[in-house]
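As structure tokens, the structure follows; a few thoughts come after it.
The values are calculated or read from the model by the stated rules, or taken from the named source; none is laboratory data. All of these numbers come straight from a predicted model, not from anything done at the bench. Cβ: placed from backbone, ideal geometry, glycine included. Neighbour counts: every protein chain shown. Surface accessibility is based on the protein's heavy atoms, side chains included, excluding ligands, DNA and RNA. Shrake-Rupley method; radii C 1.70, N 1.55, O 1.52, S 1.80 Å.
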Amino acid sequence: MSVGDSASFQLNADSLYTKNFHSRTIPSFVEPGSMLTCNVKLVTIETQEEAKAHREKRIAEREAKDAQRKASETDTINKYLTDNHLKIKPETDGMYILSDKKGKGKKLVQEGDSVEVKYTAMLLDNTVIDGSDHGDERTTYSFVYKKDPQLKGMEDALSNMKEGEEIKALFPSSLAFGNQQQGPLVEPYTPLLFDITLVKIKSGK
């Protein structure tokens, strides 16, 4: 290709998000197994020295932006709570339980139990970034508690839940993706909202 040339590529959505974007799941608005079209235009060609200088500049800018996001996360969370008239204190791990509808189950989740959950993950502006209701008509997500890798926030939330219980929680970034970029929507040090329903517990014993 020469400067000014354009090209289109088709990429598998699963590979693009899990391998290129290093995402654990693909967004709910993308159909698993689908093909995505990427349009590319060659804008400029740089020498190695120019490319290195620009790369170092971008890294410095990103690090400065990440530092700013980290420093302002508490203010971001407090603003969300104030704007939504929520006068609640965080749990010991920093999670905020915004609402809690108790279920009829009697058993708390134990390590090794198989759990079936419904969940929706959102940015603080309610933009959905992930959920259990996408792909192959799936409506729930199942895993082994504290055996299969999960967000710390998910594990912490489930630790006090019983079957049928529904909660809305705010995860600080330390319980979500921390200093990691997660796909195109979740930047480092991003707090998240989670709607979680514990559908079923199957004892691991």
Open item on the list: Based on this model, can you work out whether Lys70 counts as touching a residue at least 40 places away in the same chain (Cβ under 8 Å) and part of a helix (DSSP H, G or I)?
Closed with: yes
Open item on the list: When the residues of the stretch 114-148 are narrowed to those that are without any contact (Cβ under 8 Å) to a residue 24 or more places away in the chain and not hydroxyl-bearing (Ser, Thr, Tyr), which ends up farthest from Asp14 (Cα to Cα)?
Closed with: Asp125
Open item on the list: Please go through the stretch 36-67 and give me each residue that is open to solvent by 60 Å² or more (accessible area, probe 1.4 Å) and assigned to a loop (DSSP other than H, G, I, E, B), ordered by number.
Closed with: Val43, Thr44, Ile45, Glu46, Thr47
